[in-house]
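Below: the structure, in structure tokens.
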Amino acid sequence: MTVQRPRRTQAERRASTRARILACTAECLLERGYAATTVSAVQERTGLARGTVQHHFPTRAELLIAATTEVVDIRLARFRHEAELLPPGRDRLQSVVDLAWRDLNSPAFFTALDLWVAARTDADLRERLVHEERRVFTEMRRLYVEVLGEPYASDPRAQILVEFTIDLLTGLSMTAMLTGTLGEREAVVRRWKRALAVLVGQLPSDDLLDGSPLPAAAN
């Protein structure tokens, strides 16, 4: 006997359509950027009528403001997934550098940059972004501490070094976004890993400029 599924309520259909629109908007932001994410582009991607999209989000501004949460959720999900894939047995402070570098070179991060620039002249977007960026930073800091584990987690230097790592790699990623010089970027990351090894006492200070590989535990 065929069991018929219960019909979805109007509220459930509305919520499903809204979620579909936001997911497609986030995809468009990630792939095409803020400027190219128009109502028409989103409508085409969803396959819905333009009137349906505008029924849920009457203006482009409302659509993009709502979609910032989707973009942050995508970034956090990817970040958690990358954290779970970190290989065991490696120095955890060095692993945090790898984790941060992958996040700060991801489409979700570059989309965040796009939104930050747009928010400079859009007060409503800026208000939403401030809230969402607090959320993403809070969750990422929690994950960084979790990844670090002991003895780093209880070392007061570790939090400062993680902050320095994020700041340095953010600036490096933003600069490289224009220049596209991958080799130079990777060289800076390697030098910073060596500097961290010196700062936590894994390497002597005169090894800071040494070009030899890092110790196995910190490579």
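Values in this text are rule-based calculations from the coordinates and carry no lab data. Note that the structure is predicted; figures quoted are calculated from it, not measured. Don't worry about glycine lacking a Cβ; one is built from the backbone with ideal geometry, like all the others, and counts go over all protein chains shown.
Distance between the pseudo-spin-label points of residue 138 and residue 90 (7 Å out from Cα toward the beta carbon): 2.9 nm. Net length available on complete extension from residue 205 to residue 9 is 63.9 nm, with 0.36 nm assigned per residue and the Cα-Cα distance removed. With contacts taken as Cα pairs under 8 Å at a separation of at least 6 residues, segment 69-218 carries a relative contact order of 31 percent. Cβ-Cβ distance of residue 35 and residue 174, R₀ of 25 Å, FRET efficiency by 1/(1 + (r/R0)^6): the value works out to about 0.90. Among the listed values [x] 27, 21, 15; [y] 41, 21, 15; [z] 33, 18, 16, the one matching semi-axes √(5λ) of the Cα gyration tensor in Å as calculated from this structure is [y].
Phi-derived couplings, Karplus 6.51 cos²θ - 1.76 cosθ + 1.60 at θ = phi - 60°, listed residue by residue for segment 77-85: 4, 5, 4, 4, 4, 4, 5, 5, 8 Hz, with x used for Gly and Pro.
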